[in-house]
Structure formats: C-alpha cells, structure tokens
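Working notes, beginning with the structure itself.
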Amino acid sequence: MLRTVELFLAMFLGWLLTQWTHSNATLGLLGCLLGAALWMTWDMAARAVLVRWIQRRDDSKPPKMRGLWRDLGERIYKSLRYQRRKTLDERRRLNEFLAAIQASPNGVVLLDSEGRMDWCNQSASEHLGLDPNEDLHQVVRNIVRDPVFTQYLQKGRYETEVKLHSRGPAASEIAVQLFPYGRQRHLMLTRDITAIQRAERMRRDFVANVSHEIKTPLTVIRGVVETLQDLPLDAEQRDHYLSSMAKQAQRMDNLVTDLLTLSSLEGGPPPPASEWHAAQVLIETALNDAKALNGVLHGGTQTLEVMGETQFDVAGSGREMQSALGNLVTNAVRYTPPNGRITLGWRRLPHGEAEFYVQDTGVGIAPQHLSRLSERFYRIDQSRSRETGGTGLGLAIVKHIAQRHGGDLRISSVLGKGSRFSVTFPARRVRWLDDQREA
Ligand code: ADP
C-alpha cells in the first residue's frame with residue numbers, strides 16, 4: 001500500500017515538474033513516466049543492497065534503508081539471528097551429548113544400514129582396537145576381525161551379547177551387543193567384562209577349594225567310621241582311630257570358623273574409629289595364644305619374647321585386631337621348629353603409625369611365594385599347614401582386617417632363616433599416651 005502511494009507520489013511529482021512552466025498533457029504524461037522510472041530505479045537499487053547483504057551471510061546488521069526494504073531487512077535479520085542461536089544451541093547440546101557418550105566407560109558404535117561405522121566413542125575404540133578416523137565408514141565385519149563376532153553378525157540374533165578378546169593393548173575380555181534402531185541402523189555397545197570374569201573365576205575357584213577342603217577330612221572320617229564298624233579292634237586301636245577322627249572334625253571346625261570370619265569381614269560394618277584398645281592387652285592375648293600352641297606343638301621349647309612399645313591405644317574392632325595378631329603369632333609358632341625363637345612387639349613408625357610385628361627363626365619363605373601368601377587357600381607346604389591345624393585362610397583374614405583398619409600386611413622372609421610378618425595401623429587409629437602426657 002505504502003509502495004503504491006510512493007509510486008503515485010513520484011509520478012505526481014514528475015507531472016508537477018513538467019506542468020510548472022507549460023500546461024501540456026503530453027509533457028505531463030512524460031513527467032509521470034519519468035517519476036515512475038526514477039522510483040523504480042531507486043527501489044531496485046535498495047533491493048540489490050538488501051540482496052547483497054543477505055548473500056554476505058555474516059552477523060552484520062541490515063543496511064540502512066527505508067520502507068518495505070527496511071522492514072524486510074529487519075525481519076530477515078531477526079529470523080537469521082533466531083536460526084543462528086538455535087543452531088548454536090543445538091550444536092552445543094549435541095557436543096555435550098557426544099562428550100557424555102565419550103566419557104562413558106562403555107563403548108558405543110553407530111552403524112549405518114550397510115553395517116558401516118558412522119561414529120564410535122573412545123571406549124569402543126579401545127575395546128575393539130578401532131581407529132575412530134581411519135576406520136570411519138568401514139564395514140564393521142572387516143574392522144572387527146574375530147570369527148566369534150563374524151558368526152554373531154551372520155546369525156543376526158542380537159538378543160544376547162557375545163564375548164570377545166580385546167584387540168586393544170591390554171588383554172581384556174569384552175562383551176558386545178547390537179541393538180537395532182531407526183531405519184535398519186544398529187547401535188553396537190561394548191563393555192569391559194575382565195573384572196567380572198575374574199571375579200566369577202575367583203568365585204568358582206573358591207567354591208571348588210572349600211569343597212575340596214571339606215571333602216578331604218570327610219573322606220577320612222568316613223573311612224574311620226567304616227573301619228570302626230567292620231573291624232574287631234582293641235582299645236588302643238580304637239583310641240587311635242577316634243583321635244584321628246577328632247583331628248579331622250577339628251580341621252573342619254577350623255575351616256568353617258575361618259570361612260565365617262571371612263564372610264563377616266566382607267559384609268560387616270567398618271571397624272569403629274573411637275573404640276580404643278590398649279596395645280599392652282592386645283599383645284598379651286596374642287602372647288598367650290602363642291604360648292598355648294607352643295606347648296601343644298613343640299612341648300613349650302620355643303622361646304617367646306616381647307619387645308617394643310606398649311604405651312598407646314589402637315582404635316578399631318578388638319575382636320578383629322585380636323584375630324589378626326593371633327593369626328600371625330600362631331603361624332610363627334607353627335612354621336618354626338622346636339627350640340626356635342619368636343619375637344613379637346609393637347613399633348612406632350615415622351608418621352605416627354603403629355606396627356605389630358612377629359619375627360621368627362622358622363622355615364622361611366622363598367621370594368616367589370611372598371606376593372601370593374595372602375590369597376585364600378595359598379599354601380607353600382600343604383602337609384605342614386594341615387598337620388598344624390591350618391586352613392590356608394589365616395593370612396587372607398589378617399590382610400582383610402589390616403585393610404579394613406586402613407593399614408596393611410607386610411611380609412619379609414629369608415628361606416631357611418625365618419620370617420617377619422607385620423600389620424600396620426594408620427596414625428588416625430593410634431593414640432600415643434606419651435604424646436598426651438607431654439601435651
Ligand atoms: P595356613 O593355615 O596354611 O597357615 P595362612 O594363610 O596362615 O594359612 O598362611 C599361608 C601360608 O603362608 C602357609 O601355608 C605357610 O606356607 C606360609 N606361612 C605363613 N606364616 C608363615 C611363617 N611364619 N613362616 C613360614 N611360612 C609361613
């Protein structure tokens with residue numbers, strides 16, 4: 001409407017200019033046409049300026065114009081700004097989304113309808129040994145060259161996952177599963193299951209070990225019962241068989257007790273941080289355990305001596321600490337021959353930690369065994385362990401207890417000369433009484 005008014009105004013001005021001097025109709029018409037032509041030229045120039053601005057595709061404001069072209073320019077500017085903001089926003093969201101998938105410990109691979117890799121995150125590239133750039137748009141069957149995976153793809157039954165050995169630098173086990181989505185596309189998820197598989201293997205080994213440990217004494221007991229039933233035995237022979245039965249029953253009892261201790265340690269609440277136990281009492285109880293066992297196993301011929309400091313308290317579970325200390329001293333008695341020497345004591349470490357140690361002059365341990373001693377059922381000398389009432393769980397229990405208290409189990413030994421076992425307790429669990437008196 002405004003433009004029509006402008007056009008007529010231009011034509012009128014053209015006509016008026018020609019009528020100023022002579023009033024002539026032909027000249028008037030020419031004036032009108034000239035006015036219209038001038039207006040159109042100005043209009044086309046304005047349009048060209050606007051088009052040039054649009055073609056620049058930058059963030060600049062629209063050129064200064066009048067009328068329709070100004071309105072049009074402003075509208076285009078607003079709409080472009082809105083679109084740009086929206087695009088930036090969407091790009092930011094997409095980047096955040098991709099960063100989240102990148103951060104995932106699980107691998108994600110996007111496959112197109114032909115089974116070609118469209119995108120993969122860092123975890124997937126580590127799990128499957130893929131190169132996110134070089135392998136892009138490659139058929140997944142060709143880049144994950146594993147017969148098990150090829151078979152999985154051929155079958156096309158993706159309800160379950162398939163387990164592969166990692167092609168990455170670390171030897172790990174990977175579970176892979178495909179999920180269809182969109183138009184014949186697939187999402188491939190990968191998961192590192194090495195730890196789960198290891199835990200599963202450990203669980204199986206543990207069950208097998210426990211079963212074996214129980215079966216052995218049971219077999220002996222069954223044999224003894226049959227002998228007692230079938231053979232006419234004199235009193236002395238009967239006593240012999242009955243005492244062997246009692247020994248096996250004791251062995252099973254020890255095993256069950258240790259298993260219960262382990263399970264209560266695993267599922268139990270953390271040891272209290274403000275229940276204080278005198279170091280003196282803890283060591284005395286351990287010493288009494290050692291003395292009793294020395295009497296039973298070696299006729300009391302071993303020398304047991306206590307050294308070090310006792311003027312402090314330790315915070316934690318009294319029962320657990322007693323069990324850890326007791327295990328270490330009784331092991332020293334069991335693995336040291338008669339007439340040997342066993343020294344036990346507490347020691348203050350440089351940063352205020354406390355260490356309970358047991359030093360013996362026993363059989364000692366070859367270096368290759370040291371790192372494995374605290375594994376469940378790991379024994380160097382099976383028969384010696386069993387003869388002396390061992391379950392193979394003692395050091396596993398000690399290590400567990402030490403770690404629950406924030407400490408550690410330390411072992412050093414020289415084969416044929418003797419061993420030193422110790423448990424440490426962190427400074428926060430130790431209350432040095434001397435320090436308190438000084439303060
Ligand atoms: P066990 O019930 O067999 O003693 P432990 O877990 O207490 O089980 O100990 C594991 C193994 O560590 C033992 O079988 C033994 O071979 C070795 N061991 C433990 N303490 C000593 C020690 N003081 N001297 C030598 N060997 C030891």
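Observations
- Test: residue in the range 291-304 that is touching a residue at least 60 places away in the same chain (Cβ under 8 Å) and of a type outside the set (A, V, I, L, M, F, W, C): no
- Residue that is outside any helix (DSSP H, G or I), more than 35 Å from the chain's Cα centre (by Cα) and within 13 Å of the ligand (Cβ to nearest atom), where the choices are T330, T336, T310: T336
Every residue, every condition in (1) at pLDDT 90 or above; (2) open to solvent by less than 60 Å² (accessible area, probe 1.4 Å); (3) polar (S, T, N, Q), yes or no:
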site: R57; (1), (2), (3): no, no, no
site: P62; (1), (2), (3): no, yes, no
site: R70; (1), (2), (3): no, no, no
site: N95; (1), (2), (3): yes, no, yes
site: S113; (1), (2), (3): yes, no, yes
site: Q138; (1), (2), (3): yes, no, yes
site: N142; (1), (2), (3): yes, no, yes
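- For the range 364-374, a tally of residues being touching a Leu at 6+ places or on another chain (Cβ under 8 Å) and either near the ligand (Cβ under 8 Å from one of its atoms) or charged (D, E, K, R) (or both) returns 4.
- For the range 301-333, the set of residues classified as on the phi > 0 side of the Ramachandran plot and at pLDDT below 95 consists of G308 only.
- Looking across the range 226-235, the residues that are in a helix (DSSP H, G or I) and open to solvent by less than 50 Å² (accessible area, probe 1.4 Å) come down to T227, L228.
- All positions within the range 167-217 that are outside any strand (DSSP E or B), polar (S, T, N, Q) and touching a helix residue (DSSP H, G or I) at 6+ places or on another chain (Cβ under 6 Å): S172
- Each residue in the range 417-426 was checked for being open to solvent by less than 60 Å² (accessible area, probe 1.4 Å) and within 11 Å of the ligand (Cβ to nearest atom), and 4 pass.
- With respect to the stated conditions, L325 is open to solvent by less than 30 Å² (accessible area, probe 1.4 Å) and within 23 Å of F356 (Cβ to Cβ).
- Within the range 262-289, being of a type in the set (D, E, K, R), under 14 Å from G318 (Cβ atoms) and assigned to a helix (DSSP H, G or I) holds for one residue alone: E284.
- If the condition is being open to solvent by 30 Å² or more (accessible area, probe 1.4 Å) and either more than 16 Å from G268 (Cα to Cα) or within 12 Å of the ligand (Cβ to nearest atom) (or both), then the range 313-322 contributes only Q322.
- Filter result (near the ligand (Cβ under 7 Å from one of its atoms), part of a loop (DSSP other than H, G, I, E, B) and either more than 24 Å from Q248 (Cα to Cα) or not β-branched (V, I, T) (or both)) within the range 375-415: Y378, R379, D381, G390, G392, L393
- Residue in the range 238-253 that is open to solvent by 70 Å² or more (accessible area, probe 1.4 Å), free of Cβ contacts under 8 Å to residues at least 60 places away in the same chain and part of a strand (DSSP E or B) present: no
- Selection of the range 145-163 for residues being open to solvent by less than 40 Å² (accessible area, probe 1.4 Å), touching a residue at least 24 places away in the same chain (Cβ under 8 Å) and not hydroxyl-bearing (S, T, Y) yields F149, L153.
- Scanning the range 395-410 for residues that are of a type outside the set (G, A, S) and buried (at least 16 other Cβ atoms within 10 Å of the Cβ) gives L395, I397, V398, K399, H400, I401, R404, H405, L409.
- Test for R198: is it loosely packed, with under 15 Cβ neighbours inside 10 Å and either in contact with a Pro (Cβ under 9 Å, 6 or more places away or on another chain) or under 30 Å from S125 (Cα atoms) (or both): yes
- Per-region count, the range 364-394, residues open to solvent by 60 Å² or more (accessible area, probe 1.4 Å), over 34 Å from the mean Cα position of the chain (by Cα) and among the polar types (S, T, N, Q): 2
- Verdict on I342 being open to solvent by less than 30 Å² (accessible area, probe 1.4 Å), within 10 Å of the ligand (Cβ to nearest atom), more than 36 Å from the chain's Cα centre (by Cα) and modelled with pLDDT of 95 or more: yes
The values are calculated or read from the model by the stated rules, or taken from the named source; none is laboratory data. Values in this document were obtained by computation on a predicted structure and should not be read as measured data. Reconstructed Cβ throughout: ideal geometry from the backbone, glycine too, with neighbour counts over all protein chains shown. The protein model used for the area step is the full one, side chains on, heavy atoms only, and it has no ligands, DNA or RNA in it. Shrake-Rupley method; radii C 1.70, N 1.55, O 1.52, S 1.80 Å.
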